[in-house]
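Everything below concerns the one structure shown next.
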Amino acid sequence: DKKGVWVFDPSSTTPTLTNVTGNQPRNIAFYGTGANRKMYAGLYYYNSNGNTQLARFDIGAANTCSSTPNSIPVYTLVNGKGDLISTDKGLFMSQTRASGNNTSDIPVFVLVNYSGNKIFESSNVQNLTGSNGGAIAISKDLSTFAVVDADQSNQNILIYSVTWDGTTPSFSYQYSFALSGTTQVDQMAFDQADNLYISSSKKGILVYTIKM
């Protein structure tokens, strides 16, 4: 049974996989260091619940943990497909939403604090009507945000500048660019130089320099 979170060590002469936990998360994110390290995971159909439940595993300095979360649900979203990003402001959590369905009760993405309290939801974010796959990314300095739109044939990446009032973000639409012929953007991430890496099930890994 290979479900769960696995650690791959490429530096080993005989690489092995270590099972962190036996659950079946759709996404994971870590926050904290040493004894305070936590792993957050979006568990789909956990205990036969059809939603994605955000769970917390208190891993600490260990490399494995119990398959039973220390806290669940920290937060709940409806759909199973999406991303989970940890920041000093809280956790961004996203989900697939068809065009016209980025609503306040079921938004494309939310920002929650580490206790699971919602800080922000995306229903009023300009030009964001939905998301095909729920892929999101935020730059290391938390000033630039990317999200894939709802188009299923020629997907667009929407770029926003982000300003903060404490832990509450404001999103200002800047521009978008198209990924012609891409049927699914699976995941995105910024590097330290604000290059955006896009994993596409049709085109592989794409890299874009994002200008603001």
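The values are calculated or read from the model by the stated rules, or taken from the named source; none is laboratory data. Source: prediction; values computed, not measured. So basically every Cβ, Gly included, is an ideal-geometry build from the backbone, and we count neighbours across all protein chains shown. Heavy atoms of the whole protein, side chains included, go into the accessibility calculation; ligands, DNA and RNA do not. Shrake-Rupley method; radii C 1.70, N 1.55, O 1.52, S 1.80 Å.
Here segment 152-198 was treated as a single set of alpha-carbon atoms; its pair distances binned every 10 Å from 0 give 22, 43, 29, 6 percent. Model label sites at Val162 and Lys202, defined 7 Å from Cα along the beta-carbon direction, differ in position by 2.8 nm.
Over the chain, with every protein chain in place, what whole percent of the accessible area is carbon and sulfur at 1.4 Å, could you tell me? Reported share for carbon and sulfur atoms: 44 percent.
Computed on segment 50-99, the Cα convex hull volume stands at 107 Å³ per residue. The Cα-based radius of gyration of segment 89-131, divided by its Kirkwood radius, gives an Rg/Rh of 0.98.
Calculate, in nm to one decimal, what Thr76 and Asn127 gain on full extension: separation in residues at 0.36 nm each, minus their alpha carbon distance.
15.9 nm is the gain from fully extending Thr76 to Asn127.
In the context of the full set of protein chains, the chain has a per residue accessible area of 48 Å² (1.4 Å probe). Counted by Cβ distance under 15 Å from Ile198, the other residues give a net charge of -4, where Lys and Arg count +1 and Asp and Glu count -1.
The orientation-averaged shadow of the Cα convex hull for segment 25-84, equal to a quarter of the hull surface, comes to 3.7 nm². Cα extents for the chain along the principal axes, largest to smallest and rounded to whole angstrom: 43, 40, 33. Rg over Rh for segment 93-212 works out to 0.94, both radii taken from alpha-carbon positions and Rh defined as the Kirkwood radius. Accessible surface ranking for Arg26, Arg97, Arg37, 1.4 angstrom probe, highest first: Arg26, Arg37, Arg97. Placing a pseudo-label 7 Å from each Cα along the Cα-to-Cβ vector at Asp151 and Asn63 gives an inter-label distance of 4.5 nm. Each listed q (0.16, 0.27, 0.28, 0.33 Å⁻¹) maps to a log10 I(q)/I(0) for segment 172-212, found by the Debye formula over equal Cα scatterers with no solvent: -0.43, -1.03, -1.06, -1.19.
How long are the semi-axes of the equivalent ellipsoid of segment 63-137, taking √(5λ) for every eigenvalue λ of the Cα gyration tensor, in whole Å from largest down?
24, 13, 11
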